[in-house]
2 protein chains.
Amino acid sequence: MKQAKISEAVVRRLPIYLQVLNELYNREVQTVSSQELGLKLDLNPAQIRKDLAYFGDFGRKGIGYDVSYLIEKIQQILKLDQRINVALVGAGNLGHALCNYNKYSKDNMKIVAVFDDHQNKIGTMINNLTILPMDKLKETVQENNIRIGIITVPGPEAQNVANQFVEAGIEGILNFAPAILRLPEHIRIHHADFTRELLSLAYYLEKERNEQENGAVVD
Amino acid sequence: MKQAKISEAVVRRLPIYLQVLNELYNREVQTVSSQELGLKLDLNPAQIRKDLAYFGDFGRKGIGYDVSYLIEKIQQILKLDQRINVALVGAGNLGHALCNYNKYSKDNMKIVAVFDDHQNKIGTMINNLTILPMDKLKETVQENNIRIGIITVPGPEAQNVANQFVEAGIEGILNFAPAILRLPEHIRIHHADFTRELLSLAYYLEKERNEQENGAVVD
DNA sequence: TAGATTGTTAATCGATTAACAATC
DNA sequence: TAGATTGTTAATCGATTAACAATC
């Protein structure tokens with residue numbers, strides 16, 4: 001309802017709610033109940049209600065939630081109602097992919113600057129953005145009110161890039177590099193390192209496809 | 001120590017341990033304590049010890065953990081000691097990026113087939129892989145013992161691709177598309193949808209302005 | 001031996017779920 | 001009104017952390 005300490009688990013579910021709500025909106029569904037959302041997302045309806053109730057009374061008893069109203073509210077909570085400028089370092093394939101995503105995004109987060117330190121890339125274009133050299137990072141971040149930095153460089157370079165982002169005054173970092181980063185307390189960092197997801201996925205595979213008698217791990 | 005129910009939270013930390021251990025290994029560090037790991041990863045040392053103890057007695061009292069031994073053990077736990085073949089659908093920039101990663105990976109997970117349904121892409125190469133049409137998916141998966149599928153197509157196509165993976169007999173899916181997927185119970189799905197990370201990151205911006213510390217708000 | 005650090009049990013903390021009065 | 005569904009409190013479940021005997 002009011003200000004309580006919102007746990008990270010709750011915040012991480014908000015974008016998921018937003019995703020399914022957008023799908024409903026596109027199908028012109030007006031109203032949805034926590035039960036229906038729970039079914040779609042494999043979540044407990046009570047959890048969904050509780051999550052949303054941290055931020056306000058968005059639903060109507062006996063009715064459910066108005067889809068477009070709830071979308072609007074969650075966008076506000078996630079600060080997507082304000083323009084948030086993003087910079088990206090690392091103009092490889094992954095960097096390209098993220099910049100492309102830009103074009104289709106209808107929310108207010110935009111990659112507004114791309115950096116790389118390879119001479120052959122500097123000055124070339126990704127979509128409508130010119131790739132800039134790293135020594136332009138700080139001034140660009142500051143002049144354009146850039147608040148989030150995305151790192152798509154190889155692992156060993158990631159810490160260095162992160163440091164430069166911090167130095168430039170960024171508030172949050174989204175890191176795609178397979179690396180552990182050390183950052184000051186006040187910088188928020190999220191990881192989008194797909195190797196983590198891929199390796200943990202492997203854990204859940206069946207024991208062995210080829211039935212080759214792996215002795216139980218006992219010593 | 002033995003077989004207990006391992007929680008997902010534990011499994012998701014294993015790749016992170018592996019990452020930091022690999023860094024230590026590269027710096028030729030022989031031994032590491034849970035305390036040191038905890039410092040690097042911002043995790044409680046007791047948690048790290050407990051996580052590892054689910055799978056065996058890997059450490060030595062008074063000494064710590066042997067880095068290369070622990071790497072080996074975690075790789076076994078994650079099934080990285082066996083070859084795991086992966087297929088990827090969606091040969092865009094993101095697909096390219098993941099295939100490139102392949103080259104540098106020294107573990108046993110490999111993307112061995114790439115699919116796309118755009119005529120202009122079919123037959124062209126990514127690294128050493130020829131892009132195949134979707135109607136070759138099932139036979140390729142089955143003939144090559146492919147167990148994991150990666151989805152890097154646009155959101156609206158993702159469910160369809162997922163269905164085809166399931167049909168082909170895949171065990172797990174890593175989904176990069178911004179979409180909610182419905183899948184049978186027995187299929188493990190992990191999300192690498194960066195929009196989720198990016199939107200939840202936005203939530204944490206601008207903390208400073210909200211810093212007005214109003215104590216216990218009760219009504 | 002003295003110091004360090006594990007593996008593990010017990011205590012704490014936090015998150016999820018159930019239940020239900022309020023109410024549309 | 002009767003049926004549905006919220007917001008919220010209380011109960012449950014699970015995960016994290018502290019503490020410490022065992023031992024290298």
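None of the figures in this text is laboratory data; all of them are computed from the coordinates on show. Since the structure is predicted, the reported quantities are computational estimates derived from the model, not experimental observations. No Cβ is skipped: glycine too gets one built from the backbone with ideal geometry, and neighbour counts run over all protein chains shown.
So here's what we get for this one:
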item	result
Anisotropy class of segment A:121-183 from Cα gyration tensor, a/c 1.5 cut	oblate
Mean residue ellipticity (222 nm) of the protein assembly as shown, computed from DSSP H runs ≥ 4 via -39,500 (n - 2.57), nearest 500	-12500 deg cm²/dmol
Segment B:1-78: GluC sites (Glu not before Pro) in DSSP loop, at most 12 other beta carbons within 10 Å	B:GLU28
Among beta bridges that DSSP assigns inside chain A, antiparallel share in %, nearest 5	20 percent
Charge tally in the Cβ shell below 15 Å around A:GLN119, where Lys, Arg are +1 and Asp, Glu are -1, A:GLN119 excluded	-1
Neighbour cut-off at most 11 other Cβ (10 Å), DSSP loop, GluC sites (Glu not before Pro), segment B:169-208	B:GLU185
Size of electric dipole in chain B: Cβ of Lys, Arg +1 and of Asp, Glu -1, about Cα centre, debye, nearest 20	700 debye
Across B:LYS5/B:LYS50; B:LYS40/B:LYS110; A:LYS50/A:LYS79, pairs whose alpha-carbon gap is larger than 22 Å	B:LYS40/B:LYS110
Cβ neighbours within 10 Å from other chains - mean over A:184-196	5
Cut-off 13 Å between beta-carbons: net charge of the residues surrounding B:VAL153, Lys and Arg +1, Asp and Glu -1	-3
Stretch gain in nm, segment A:GLU28-A:ARG12, where the contour uses 0.36 nm per residue and the Cα spacing is subtracted	3.2 nm
Cα gyration tensor category, rounded, prolate or oblate, for chain B with a/c compared to 1.5	oblate
Packing-based exposure ordering (other Cβ within 10 Å, fewest first) of B:MET125, B:MET109, A:MET134	B:MET125, A:MET134, B:MET109
Electrostatic dipole magnitude of segment A:96-176 [Cβ: Lys, Arg +1; Asp, Glu -1; Cα centre; debye, to 20]	340 debye
Prolate/oblate/rounded label for the protein assembly as shown (Cα gyration tensor, a/c 1.5)	rounded
Copy-to-copy label separations for A:GLN35, where each label sits 7 Å from Cα toward Cβ, in nm and ascending	5.6
